[in-house]
Amino acid sequence: MHSFDIAPATDKQALYADLRSALDGLTAGEPDAVANMANMAALLWEYLPDINWAGFYRLVGDELVLGPFQGKTACIRIAIGAGVCGTAAATRETQIVEDVEAFPGHIPCDAASASELVIPIVVDGALLGVLDIDSPSKRRFDAEDAAGCEALVALVGPRIAG
């Protein structure tokens, strides 16, 4: 059982620094990719405010396939280039979507989701998948959230590349 002292969400920089420290402690030395993704999803679910889904889509062949997550059931397969996750995978660029209804080709897995943050996971030039976080509030995610989650992905990426 792990217990973490995570900063209040009002200071995003401190929050993400604490999440990175906790994630490092959870995943250091653990070679199992699924376990590391599962613990990261649980950590985000527990400590990020105002979210309704946090998890991974793994690149399997030429599509994204659902991985460990926290939240309601989700779409299982997403084509590269389709929706927010597929766009992040195709471009290898973080996607901050303030209003998912305004995103061309958005794939609605949970009708309650209003905004989304997707970070591509790239290790040694290879795309492994994406980290996907949804919120029921429009404009939930900003550049600080993107930078914080990119730092988390940079830490865990090599630990799921196995």
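The values are calculated or read from the model by the stated rules, or taken from the named source; none is laboratory data. Worth saying up front: this structure is predicted, and the values here are computed from it rather than measured. Counting neighbours? That spans all protein chains shown, and the Cβs are built from the backbone with ideal geometry, glycine included. Side chains included, ligands, DNA and RNA excluded: accessible areas come from the protein's heavy atoms. Shrake-Rupley method; radii C 1.70, N 1.55, O 1.52, S 1.80 Å.
A few comments on the model shown:
- Distance between modelled label sites at VAL123 and SER21, nm, 7 Å Cα→Cβ extension: 2.5
- In the range 85-126, the ratio of gyration radius to Kirkwood radius, Rg to Rh, stands at 1.02 when only Cα atoms are counted.
- Residue ranges 39-48, 139-148 sort as 39-48, 139-148 when ordered by packing (mean number of other C-beta atoms within 10 Å per residue, highest first).
- Karplus-derived HN-Hα couplings along the range 54-63 (A = 6.51, B = -1.76, C = 1.60, θ = phi - 60°), whole Hz, x at Gly and Pro: 8, x, 10, 10, 9, 6, 10, x, 10, 8
- The charge dipole of the range 1-123, taken about its Cα centre with unit charges on the Cβ atoms of Lys, Arg (+1), Asp and Glu (-1) only, comes to about 260 debye.
- Mean residue ellipticity at 222 nm, helices only, the chain: -11500 deg cm²/dmol; runs of at least 4 DSSP H residues each add -39,500 (n - 2.57), and the sum is divided by the number of residues.
- In this structure the range 1-139 gives 49 Å² per residue of accessible area when probed at 1.4 Å with all protein chains present.
- Shown for the chain: the carbon plus sulfur share of the solvent-accessible area, taken with all protein chains present and a 1.4 angstrom probe, equals 51%.
- Relative to the Cα centre, the charge distribution of the range 1-63, modelled as +1 at Lys and Arg Cβ and -1 at Asp and Glu Cβ, gives a dipole magnitude of about 60 debye.
- Amide H within-cut-off set for LEU128, under 5 Å, with H built and near neighbours excluded: ILE121, VAL122, VAL123
- Per the Cα gyration tensor, the range 100-147 maps to an equivalent ellipsoid with semi-axes of 22, 14, 9 Å, ordered largest to smallest.
- Other residues within the sphere of radius under 14 Å centred on the Cβ of GLY129, judged by their own Cβ, net out at +1 (K and R +1, D and E -1).
- No Cys partner within the rule (Cβ under 4.7 Å), the chain: CYS85, CYS149
- Neighbour net charge for ILE80 - beta-carbon separation under 10 angstrom, K R +1, D E -1: -2
- Over the chain, the Kirkwood radius and the radius of gyration, each from Cα atoms, give a ratio Rg/Rh of 0.93.
- Taken as entire DSSP H runs, the helices of the chain that both span 20 Å or more between Cα atoms along their own long axis and average 0.5 or more on the Kyte-Doolittle scale are 33-47, 143-160.
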